[in-house]
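**Student:** Below is a structure I'd like to ask you about.
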Amino acid sequence: MNIPTKKFINGFELPVYGLGTWQMGGRWEADYSNDEIEKIAIQTAIDKGIIHIDTAESYGDGHSEELIGEVLKSNDRKKLFISSKVSANNQGYDELIKSCNDSLKRLGTDYIDLYMLHRYPLPGTPIEETMRAMNYLVSKGKVRNIGVCNMSINRLKEVQKHTEYPIVCNQVHYSLVCREIVDKGVLEYCQDNGIAIVAWGPLQKGELEESDMLKELAGKYNKTQYQIAINWLISQKNVVTIPKTTHTEHLDENLGALGWTLEEGDIKILTEKFPGQKLVSERVPLDYEADVEV
Ligand SMILES: NC(=O)c1ccc[n+]([C@@H]2O[C@H](COP(=O)([O-])OP(=O)(O)OC[C@H]3O[C@@H](n4cnc5c(N)ncnc54)[C@H](OP(=O)(O)O)[C@@H]3O)[C@@H](O)[C@H]2O)c1
């Protein structure tokens, strides 16, 4: 399947759908028990046309990156787009460069397409220092693009002050339920400045299934509720998404969200009237300090 892309600042381009890998290879510690299933899931995603694979040094304490590295060995690296993240506690100049080198080693590649601050640096590490390291990594060709995660407008502006290269994305919790980035103006700021919103947690596991509004729209379009939820996200300016799945049937279902569009009126209803909207992420709110995902 040819996954459509969106273009952002300086011609930066991302497919509307990529693969998330949080909990592949473990949560905060490495878990090797599902390695084979997870490598197959990553390979299957690639075979089905997914090129953007999202990971982080903290996922499974690096094991998520190792799994991707294993899969990369039998694929054409140049055709893939790998994004990873440096944790908040590794954002001093030397630590950040070491983190990136360690990620490169685990991924078995000599560049990362998109390297993001997983959080804003911890107090005590000036953002100037963090961004000096990020700038250095781009200048050395180890990182192709710089992005951030979970940042409010104020922090995003602070980061932008110290980067020599454009901040191409803000990876944030955004779904039919979680509207924090709309409420805090982050979506609009990113849309106005050519910054990609990479929506994580798009499926809001356990909360979308019971929605009568989604059930009704699923019936109208002959789609599933998750397909409606994903289509609603990617129908919005500058928004792309990275659902995680290790199941081929789930992947097929999710990819069925592409290639068609909800009518304007239905997008408006979902945007304005979807019940149970939350204005703060229950998992990682904007500007959250610690490296914790739930
Ligand atoms: N920057 C950050 O701070 C941050 C925070 C959180 C996440 N992320 C990134 O964003 C990615 C996506 O977020 P997420 O993984 O938290 O949430 P998600 O993609 O919304 O949900 C993943 C969950 O949904 C299940 N699932 C996927 N497709 C399904 C389907 N069609 N039917 C039923 N269940 C389905 C998956 O299980 P199966 O595997 O069993 O299908 C998994 O349990 C992460 O993997 C990670 O790469 C970034």
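The values are calculated or read from the model by the stated rules, or taken from the named source; none is laboratory data. On a predicted model such as this, the values are computed, not experimentally measured, just so you know. Cβ atoms come from the backbone with ideal geometry, glycine included; neighbour counts cover every protein chain shown. Surface areas here come from the heavy atoms of the whole protein model, side chains and all, with no ligands, DNA or RNA. Shrake-Rupley method; radii C 1.70, N 1.55, O 1.52, S 1.80 Å.
**Student:** Yes or no: Lys244 within 13 Å of the ligand (Cβ to nearest atom), open to solvent by 50 Å² or more (accessible area, probe 1.4 Å) and within 16 Å of the chain's Cα centre (by Cα)? Outline the logic, then answer.
**Tutor:** Numbers: within 13 Å of the ligand (Cβ to nearest atom): yes; open to solvent by 50 Å² or more (accessible area, probe 1.4 Å): yes; within 16 Å of the chain's Cα centre (by Cα): yes.
In short, yes.
**Student:** Considering only residues that are within 16 Å of the ligand (Cβ to nearest atom) and either part of a strand (DSSP E or B) or among the hydrophobic types (A, V, I, L, M, F, W, C) (or both), which ones fall in region 96-120?
**Tutor:** Hits for region 96-120 are Leu107, Ile112, Asp113, Leu114, Tyr115, Met116, Leu117.
**Student:** Spot the failing condition for Asp76; the list is (1) open to solvent by less than 10 Å² (accessible area, probe 1.4 Å); (2) under 30 Å from Glu253 (Cβ atoms), and only one is missed.
**Tutor:** (1)
**Student:** Could you give me the residue pairs with C-beta distances under 7 Å whose first residue belongs to region 1-23 and is under 25 Å from Val284 (Cα atoms) and in a loop (DSSP other than H, G, I, E, B), whose second residue is at pLDDT below 95 and within 14 Å of the ligand (Cβ to nearest atom) wherever it lies, and which are 6+ apart or on separate chains?
**Tutor:** Trp22/Glu293
**Student:** Kindly indicate the residue of region 20-38 that is touching an Asp or Glu at 6+ places or on another chain (Cβ under 9 Å) and farther than 12 Å from Asp61 by Cα and also surrounded by the most Cβ atoms within 10 Å (Cβ to Cβ) among those meeting that condition.
**Tutor:** Thr21
**Student:** Here is a further query. Of all residues in region 257-268, count the ones that are surrounded by 16 or more Cβ atoms within 10 Å (Cβ to Cβ) and either in contact with a helix residue (DSSP H, G or I) (Cβ under 7 Å, 6 or more places away or on another chain) or of a type in the set (Ser, Thr, Tyr) (or both).
**Tutor:** Within region 257-268, the subset surrounded by 16 or more Cβ atoms within 10 Å (Cβ to Cβ) is 257-258, 262, 266.
Subset that is either in contact with a helix residue (DSSP H, G or I) (Cβ under 7 Å, 6 or more places away or on another chain) or of a type in the set (Ser, Thr, Tyr) (or both): 257, 262, 266.
Summing the residues that are surrounded by 16 or more Cβ atoms within 10 Å (Cβ to Cβ) and either in contact with a helix residue (DSSP H, G or I) (Cβ under 7 Å, 6 or more places away or on another chain) or of a type in the set (Ser, Thr, Tyr) (or both) in region 257-268 gives 3.
**Student:** While we're looking at this one, here's another question. Here's a check for you: in region 247-294, which residue that is near the ligand (Cβ under 9 Å from one of its atoms), charged (D, E, K, R) and under 22 Å from Gly60 (Cα atoms) is modelled with the highest pLDDT?
**Tutor:** Arg283
**Student:** When region 27-37 is examined, which residues are found to be assigned to a loop (DSSP other than H, G, I, E, B) and without any contact (Cβ under 8 Å) to a residue 24 or more places away in the chain? Write out each step before concluding.
**Tutor:** Residues of region 27-37 assigned to a loop (DSSP other than H, G, I, E, B): 27-34.
Selection gives Ser33 alone.
**Student:** Need pairs with beta-carbon distance below 8 Å; first residue hydrophobic (A, V, I, L, M, F, W, C) and within region 38-53, second open to solvent by 20 Å² or more (accessible area, probe 1.4 Å) and not in a helix (DSSP H, G or I); sequence gap 6+ or separate chains.
**Tutor:** Short answer, once both residue conditions are applied: Ala41/Thr246; Ala41/His247; Ile46/Asn75; Ile51/Phe81; Ile53/Phe81.
**Student:** Further question on the same structure: Does region 149-165 contain at least one residue that is closer than 14 Å to Ser83 by Cα and touching a strand residue (DSSP E or B) at 6+ places or on another chain (Cβ under 6 Å)?
**Tutor:** yes
**Student:** Go through region 231-241 residue by residue and tally those that are touching a helix residue (DSSP H, G or I) at 6+ places or on another chain (Cβ under 6 Å) and more than 9 Å from the ligand (Cβ to nearest atom).
**Tutor:** Final tally of qualifying residues: 5.
**Student:** Confirm whether Ile53 is open to solvent by less than 10 Å² (accessible area, probe 1.4 Å), part of a strand (DSSP E or B), of a type in the set (A, V, I, L, M) and more than 10 Å from Ser103 (Cα to Cα).
**Tutor:** Spelling it out, Ile53 is indeed open to solvent by less than 10 Å² (accessible area, probe 1.4 Å), part of a strand (DSSP E or B), of a type in the set (A, V, I, L, M) and more than 10 Å from Ser103 (Cα to Cα).
**Student:** Would you confirm, using the coordinates I've provided, whether Ile228 is within 16 Å of the ligand (Cβ to nearest atom), modelled with pLDDT of 95 or more, open to solvent by less than 20 Å² (accessible area, probe 1.4 Å) and within 29 Å of Glu29 (Cα to Cα)? It would help to see each step written out before you state the result.
**Tutor:** Numbers: within 16 Å of the ligand (Cβ to nearest atom): yes; modelled with pLDDT of 95 or more: yes; open to solvent by less than 20 Å² (accessible area, probe 1.4 Å): yes; within 29 Å of Glu29 (Cα to Cα): no.
Here the answer is no, as Ile228 does not meet what is asked.
**Student:** Out of all the residues in region 63-86, is one or more in contact with a Phe, Trp or Tyr (Cβ under 9 Å, 6 or more places away or on another chain), part of a loop (DSSP other than H, G, I, E, B) and among the aliphatic types (A, V, I, L, M)?
**Tutor:** No, because not a single residue in region 63-86 is in contact with a Phe, Trp or Tyr (Cβ under 9 Å, 6 or more places away or on another chain), part of a loop (DSSP other than H, G, I, E, B) and among the aliphatic types (A, V, I, L, M).
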